Structures are given as C-alpha cells and as structure tokens.
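Visitor: Questions regarding the structure given below will be posed in turn.
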Amino acid sequence: MWQTLKHWYHLLGSPRHFYRISGLWLPWVTLLAVAGLAVGLVWGLAFAPPDYQQGNSYRIIFLHVPAASGALMGYLAMGVAGLVGLVWRMKMAEVAIKAIAPFGAVLTAVALITGSIWGKPTWGTYWVWDARLTSMLILLFLYLGIIALQNAIRDPRQAGRAAALLAVVGVINVVIVRYSVYWWHSLHQPRTIRITDETAMPAEMLAPLLICMFSIYLLFAVTVLIRARTEILWRERRSNWVREEVTG
Amino acid sequence: MYFDSLGEFLQMGSHAPWVWSAYGISLVLVVSNLWLAARAHRNVRARLAQWVADESLREKR
Amino acid sequence: MNPVRKKRLLIVLGALGGVSVAVALILYALSANINLFYTPQEVAAGEAPVGQRMRVGGLVAEGSVSRDPESLKVQFDITDGKGTFTVFYQGILPDLFREGQGIVANGTLVREDYFEASEVLAKHDETYMPPEVQEALERAGHPGANTGASDNKDKQETSY
C-alpha cells in the first residue's frame, strides 16, 4: 500500500510523467463529468419531486450545493498542495495550486450567486451578512488573492511560495465556513447532506444531488488537469520532451 | 417526469425567473472558464511549436 | 524525514497554528456581532439591547398570528421554548412565513416583550421532502410535520 502510494507520488511528481498520464485520463474524465452533470441536472430539474415548502425553487440546490462543496474541497486540496510545496519543495505542488485556483474561484462565485438568487424567493432577501454567507465571500477573496499573488510577483519561485503560504493559512476559513452555521446564529440553515447522521432529504432528491456533486468534482478535476498541463509545458519549455511533444 | 408539459417545466411553478437565471449564470461562468483553460493550453502549445520551428530553421542556416 | 524538511514543516504548522489562534480570538471577541440575531431566550434574559435596531430570530408560535383584515398589519409571537415575545410588522411576508416556521426579523425591540419589525425573513431548515410525504406525515399526526423539522425537540431548537 505504502509502496504503491510512493510510486504514484514520484510518478505524478515528475512533470513529464504527469503530462503523459493526465493526457490519457483527460478524455475519459471529461466524458464522465459532462455525462454525469447532464444526468444529474436533468434528473434534478425535471424528475425529482418539488419540496413541500419551497416548491420548485429548491431545484437550485442541484447547482448550489455541488458548487459550494467543490469550492471548499478545492481549497482544502490547495492547502494540502501548499503544505507539500512549502515543506518538500515539490514543483508539482506549486503547479497544482496554480491549476486549482481559477475554477475554485468560479465555483465559489457560482455558489454565492445561486445562493443569492435562491435566497430571494425563500428567505425574502438576496443577501444578509450572516456568518455562512460572509465566510463564503471571504473564500472568494482568498481564491482571488492567490491568483493575484501568482500574477503580481515576478519571480515564479517566490510567487509559488507566497501562494502556497496563503493556501495553507486560508484553510482556517474553510473550517469557519463549514461550522459557521453551528457556531453562530445565522439565516443559512445547517447542512443537508450528512455523512454520519441521517441525511435530511429523501432518496429521490438525494440521488440527483449526489450525482451532480460527484460530476462537479470531476469537472473540477478536468480543469485542474488542463491547467496543470499548460503550466508544465511552459515551465519545462527548454526540455527535450516538451520539444518532441509540441512538434509531434 | 414530474412536470406534465414542457411549458410547466419551463414555468417551474412560478419560480422560473429564479431557477433559470441561477442555472443560466452558472452555465456561462463554468463553460467560459473551461473554454479559457482550453484556449490557454492551445496557445502555449502553438507558441512552443513555433519556437521549436524557428530554432530548427536557424540551425539549418 | 530529513532535518531541513522537518524544520520547514514545523515552521508552516506553527504559522498555521498561530494564525488559527489569532482568528479564533478575534471571532470569539466579535461573536456578538457575528451572530445574525438574538434568540427569544437572550431577549428574555435581557441580553438584547432595548430601543436599538437589531435582528431577532425564532419560531412563529402556533396560533399566535393575527392579521388585520384592512391592512398589511400583522402580529405574531416568536419563541424558542425558553422565551417568547410579540412581533408587530406591516408589509408583505415571505412565502415561507407560517406558524411553526423559523423567521428572522429586523427592527427595534421597544420593550422586552414587544418587537417592531421593519423586515421579516423566513428561515428554512435543512430538511427537504416532497409534498405527498409531508401530507402523509400530517395525516399520521406526526408532531414535527408542520415545521418540517424532525420530531425530536432537540432538533427543533437548533433549526429555527
């Protein structure tokens, strides 16, 4: 087990091998993500029953929850990559942070926008400064901050380290987002999907929601693979394998 | 299918503006981000290919 | 792990720990401001400032809603089982407003048992279910059916 893990760490830690392997994976992951999203969203929008209180407006959940969850998971992954990058000075970790940040920011924005639109017919307002909404806005700023750091600092090594540090420290905010609805009185309700407890949703609504969530994770992976591949090509542009790759 | 007709589906039980605007904006954001990523990849590849081609031309001379 | 990496790991984790403690202290100090609303229990205990603009939140008490037939004036009690006070409001209530529903009202606490709201927001809980299921629950006389919250008291308190 440990040996295989170590093997993969070294294989994917090498830009060249990562480029080759990710190229093989990419079409399949893309196909699965798009198909999953199509099935999940059509099921959620057209086939799932309405909610007894909110009617059909609750169907925004099939985008809102997967986007929010993907945004948080992405940040967590970025935090782990940041730690690996700072401690082990692994080049691929810096590439990973750069590859994760843009789509993470998009998913955070999607979660905020869909939540705001959903809030109007349900709560009666687009926005309140409660702990959940505010901490989610901070998540967006953290993502944008990481992107800005990468672009603002000239030296790529320094830029990578600064971004890695912000990625690690920003994980605190992920914890705050997650527990904000329990620590403070907020307008936002507690989470619906629970792993240890019974989920507060029947199977005919939960199934499409989980499919959407899984597909959004896959779509996130697709964007990360594409961006990581771009970054690798550019960083390794002087090496022979890149020359062969771009001319072949 | 929960809805009886396409019209009803589009109306979303009077919640159409909320549901469809949420889905529309999200679709635009996600698709444009994917497109940007793919375009950046193509651009870098093309630029590097050009670079290699220029170099081999210089070597021949 | 070699000593250099160990040192770097300790520095990064130390930085993370330090910032966490700082953030925790700040959030703790500001918790009164981060809480979006006061609960009826806090109002009853006199923790909410009388005469100032603020938000309160709780469940709309069963059978307490009375509407003025001539205007949009409405009056209802909100409660959390440990405190109750009356809310006055004039305006359009959100669709989800009903007895047993959690709400958040923005306005002024005129007296400790009298709140004048300028805005009423509906708070919904994390439970979703199809209408048929809810009707079946109601027919079966399920205690939590009309709020959608689960049947145990404990959950009701946390989900307003």
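The values are calculated or read from the model by the stated rules, or taken from the named source; none is laboratory data. Source: prediction; values computed, not measured. Here the Cβ positions follow ideal geometry from the backbone for every residue, glycine too, while neighbour counts run over all protein chains shown. Keep in mind that these areas ignore ligands, DNA and RNA; they rest on the heavy atoms of the full protein, side chains included. Shrake-Rupley method; radii C 1.70, N 1.55, O 1.52, S 1.80 Å.
Visitor: Anything over 31 Å Cα to Cα? Flag those among A:Lys91/B:Lys60; A:Lys98/C:Lys123; A:Lys98/C:Lys7, in the order listed.
Guide: Pairs exceeding the cut-off: A:Lys91/B:Lys60; A:Lys98/C:Lys123.
Visitor: Next question, about the same structure. For the protein assembly as shown, with every protein chain kept in place, what is the accessible area per residue (1.4 Å probe, Å²)? Write out the running numbers ahead of the final one.
Guide: Working: 23210 Å² over 469 residues.
Roughly 49 Å² per residue, with all protein chains present.
Visitor: Given an 8 Å cut-off on Cα distances and at least 6 residues of separation, report the relative contact order of the stretch C:35-122 as a percent.
Guide: Relative contact order, the stretch C:35-122: 32 percent.
Visitor: Then there's this: For chains A and B, what's the summed buried accessible area, probe 1.4 Å, to the nearest 100 square angstrom?
Guide: 3300
Visitor: Turning to a different aspect of this structure: Name the residues of the stretch C:73-119, by number, that are at least 40 Å² less accessible with every protein chain in place than in the isolated chain; the surface is that of heavy atoms, probe 1.4 Å, without ligands or nucleic acids.
Guide: C:Leu96
Visitor: Along Cα→Cβ, 7 Å out, is where each label goes; now give me the distance between the ones at C:Thr86 and A:Trp2 in nm to one decimal.
Guide: 7.2
Visitor: Right, another one. Contour minus end-to-end for C:Arg67 and C:Tyr114, with contour as 0.36 nm per residue of separation and end-to-end as the Cα-Cα distance?
Guide: Separation in residues times 0.36 nm, less the Cα-Cα distance, equals 15.3 nm.
Visitor: For A:Val42 and A:Val175 in one chain, what is 0.36 nm times their gap in residues minus the Cα-Cα distance, to one decimal in nm?
Guide: 44.7 nm
Visitor: Mind checking B:36-45 for the average number of partner chain beta-carbons within 10 Å of each residue's beta-carbon?
Guide: Details: counts 6, 11, 5, 1, 6, 6, 1, 1, 8, 7.
Across B:36-45, the average partner-chain Cβ count within 10 Å equals 5.
Visitor: Once the dipole of the protein assembly as shown is set up with Lys and Arg at +1 and Asp and Glu at -1 on Cβ about the Cα centre, which of A:Leu137, A:Met92, A:Pro66 lies farthest towards its positive end?
Guide: With unit charges placed on the Cβ atoms, the residue in question is A:Met92.
Visitor: For helix A:203-235, what angle does its Cα long axis make with the longest principal axis of chain A, in degrees from 0 to 90 and rounded to 10?
Guide: Here the helix axis deviates by roughly 20 degrees.
Visitor: Mind checking the angle between helix C:3-29 and chain C's longest principal axis? C-alpha axes, 0 to 90 degrees, to the nearest 10.
Guide: 30
Visitor: Let me check against my output: what whole-number percent is the relative contact order of chain A, with C-alpha pairs under 8 Å and at least 6 apart?
Guide: 31
Visitor: Residues of the stretch A:47-82 losing 40 Å² or more of accessible area relative to the isolated chain, 1.4 Å probe, heavy atoms only?
Guide: A:Phe47, A:Pro50, A:Tyr52, A:Gln53, A:Gln54, A:Asn56, A:Ile60, A:Leu63
Visitor: May I pose another question? If one takes the accessible area of chain A alone plus chain C alone and subtracts that of the pair, with a 1.4 Å probe, what total in Å², rounded to the nearest 100, results? Could you put the intermediate results ahead of the total?
Guide: Working: alone 13990 and 10410 Å², together 20650 Å².
The buried area between A and C, both sides summed, comes to about 3800 Å².
Visitor: How large is the helix-only mean residue ellipticity at 222 nm for the protein assembly as shown, computed as the sum of -39500 (n - 2.57) over DSSP H runs with n ≥ 4, divided by its residue count, in deg cm²/dmol to the nearest 500?
Guide: Value at 222 nm, helices only, nearest 500: -21500 deg cm²/dmol.
Visitor: Give the span of chain A's Cα atoms along each principal axis, as three whole-Å numbers ordered largest to smallest.
Guide: Per principal axis, max minus min of the Cα coordinates gives 62, 35, 34 Å.
Visitor: Lys/Arg Cβ at +1, Asp/Glu Cβ at -1, dipole of chain A taken about the Cα centre: which of A:Val42, A:Leu32, A:Gln54 is farthest positive-ward?
Guide: A:Leu32
Visitor: Per-residue mean of other chain beta-carbon atoms within 10 angstrom of the beta-carbon, peptide C:131-139?
Guide: 2
Visitor: Per the 1.4 Å probe, what fraction of the accessible area of the protein assembly as shown, in percent, lies on carbon and sulfur atoms?
Guide: 62
Visitor: Same structure again: Listed highest first by mean packing, meaning other Cβ atoms within 10 Å per residue, what order do A:110-119, C:23-32 come in?
Guide: Packing proxy ranking, top to bottom: A:110-119, C:23-32.
Visitor: Arranged from highest to lowest average of other beta-carbon atoms within 10 Å per residue, in what order do the peptides A:72-78, C:11-17 appear?
Guide: Going by the mean number of other Cβ atoms within 10 Å, highest first, we get A:72-78, C:11-17.
Visitor: Sticking with this one: Averaged over its residues, how many other protein chain Cβ atoms are within 10 Å of peptide A:116-123's Cβ atoms?
Guide: Mean partner shielding for this stretch: 6.
Visitor: Next up: Counting only C-alpha contacts under 8 Å and six or more residues apart, can you give the relative contact order of chain C as a whole percent?
Guide: In percent, rounded to a whole number, it is 18.
Visitor: Tell me which residues come under 5 Å, amide H to amide H, from C:Ser64 once H is placed; ignore anything under 5 positions away on its chain.
Guide: The list, which skips near neighbours in sequence, is C:Asp77.
Visitor: Continuing with the same structure: Given R₀ = 35 Å, what would the calculated FRET efficiency be for B:Leu27 paired with C:Asp95, taking r from the Cβ atoms and rounding to 0.05?
Guide: My answer for the efficiency is 0.85.
Visitor: If a/c stays under 1.5 just call it rounded; otherwise compare a/b with b/c (prolate if a/b is bigger, oblate if not). Do that for the stretch A:131-248, with a ≥ b ≥ c from the square roots of the Cα gyration tensor eigenvalues. All intermediate terms of the calculation are to be shown ahead of the outcome.
Guide: Numbers: a/c = 3.98, a/b = 1.65, b/c = 2.42.
Here the stretch A:131-248 falls in the oblate category.
Visitor: Pick out, in residue order, every one of the trypsin sites (Lys or Arg not before Pro) in the stretch A:13-110 that is DSSP loop and has at most 16 other C-beta atoms within 10 Å; say none if there are none.
Guide: The qualifying sites are A:Arg89.
Visitor: Per-residue counts of other Cβ atoms within 10 Å, averaged by peptide: what ranking do you get for A:175-184, A:26-35, highest first?
Guide: A:175-184, A:26-35
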